[in-house]
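S.K.: Dropping the structure in here first, questions after.
The values are calculated or read from the model by the stated rules, or taken from the named source; none is laboratory data. These numbers come from a predicted model, not from an experiment. Glycine also receives a Cβ, built like all others from the backbone with ideal geometry; neighbour counts cover every protein chain displayed. Side chains included, ligands, DNA and RNA excluded: accessible areas come from the protein's heavy atoms. Shrake-Rupley method; radii C 1.70, N 1.55, O 1.52, S 1.80 Å.
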Amino acid sequence: MTTATAPTIDDVSDLGTALALVAPPEFEDGNGHVNVGHYYRLHMQAADAAFTTLGFDDGYRARTGHSIFSVEHHILFHDESLVGDELSVHLRILGVAPKAIHGLTIIVNRSRGTIANTLEFLELHVDLTSRRTTPMPEDLTAALRDRLREHEALPWSLPLAATMGVR
């Protein structure tokens, strides 16, 4: 993502929606807005849903003995959300390597028409027996690279939290 153009809510929505909900009362913290722990849980639930769609599901783990592990996360807050706000979460792939995936989950506050926050992440592909990294199968790598090309062509970007990436 090399451009500095901020996305519209429609731009982010074009990525597809991994998760959508209305912030329930139990999400509220002492400051009267959605608590960071709930945001984080939404990011994780959406990432799980998105990666399941990409083929990293229970069947994949059972068949191959492989999975993906989170190794780094950075969350940036752009706007607050309140109980009753309609939220959606979207995935953007930022980089793919044989053993790694760099990406961004984006929480949109549809009630306010803003981006609430983003979570930049690095996932490693791991052999569950050895607990060590191992290359992803070519079909999954190819699908991720196709998605990466689509996402690299987008004319917008969001601030990234750290110097993270894959080679």
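S.K.: Taking H125 as meeting all but one of (1) in a loop (DSSP other than H, G, I, E, B); (2) touching a residue at least 24 places away in the same chain (Cβ under 8 Å); (3) more than 23 Å from S13 (Cα to Cα), write down the number of the exception.
M.R.: (1)
S.K.: Out of S81, S67, S88, I need the residue that is polar (S, T, N, Q), surrounded by 15 or more Cβ atoms within 10 Å (Cβ to Cβ) and more than 22 Å from L160 (Cβ to Cβ). Which one?
M.R.: Working: S81 fails: more than 22 Å from L160 (Cβ to Cβ); S88 fails: more than 22 Å from L160 (Cβ to Cβ).
Going through S81, S67, S88 in turn, the sole match is S67.
S.K.: Tally up the residues in the stretch 42-54 that are within 17 Å of V96 (Cα to Cα), of a type outside the set (A, V, I, L, M) and open to solvent by less than 20 Å² (accessible area, probe 1.4 Å), please.
M.R.: Going through the stretch 42-54 one residue at a time, the tally reaches 1.
For (1) of a type in the set (S, T, Y); (2) in contact with a helix residue (DSSP H, G or I) (Cβ under 9 Å, 6 or more places away or on another chain); (3) not in a loop (DSSP other than H, G, I, E, B), each residue gets a yes or a no:
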site	(1), (2), (3)
L15	no, yes, no
L21	no, yes, yes
Y40	yes, no, yes
Q45	no, no, yes
D48	no, no, yes
T52	yes, yes, yes
F56	no, yes, no
S67	yes, yes, yes
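S.K.: Still on this model: Among the residues of the stretch 109-121, is there at least one that is assigned to a helix (DSSP H, G or I) and surrounded by 14 or more Cβ atoms within 10 Å (Cβ to Cβ)? Before the answer, list the steps.
M.R.: Step one: of the stretch 109-121, the residues assigned to a helix (DSSP H, G or I) are none.
Checking the stretch 109-121: not a single residue is assigned to a helix (DSSP H, G or I) and surrounded by 14 or more Cβ atoms within 10 Å (Cβ to Cβ).
S.K.: Same structure again: How about the stretch 148-161: which of its residues are open to solvent by 70 Å² or more (accessible area, probe 1.4 Å) and outside any loop (DSSP other than H, G, I, E, B)? I'd like the intermediate steps shown before the answer.
M.R.: To start, the set of residues in the stretch 148-161 that are open to solvent by 70 Å² or more (accessible area, probe 1.4 Å) comprises 149-150, 152-153, 155, 159-160.
Listed by number, the residues that qualify are R149, E150, E152.
S.K.: Applying the selection to the stretch 122-139, what residues are open to solvent by 10 Å² or more (accessible area, probe 1.4 Å) and either modelled with pLDDT under 95 or under 23 Å from G16 (Cβ atoms) (or both)?
M.R.: L122, E123, M136, P137, D139, listed by residue number.
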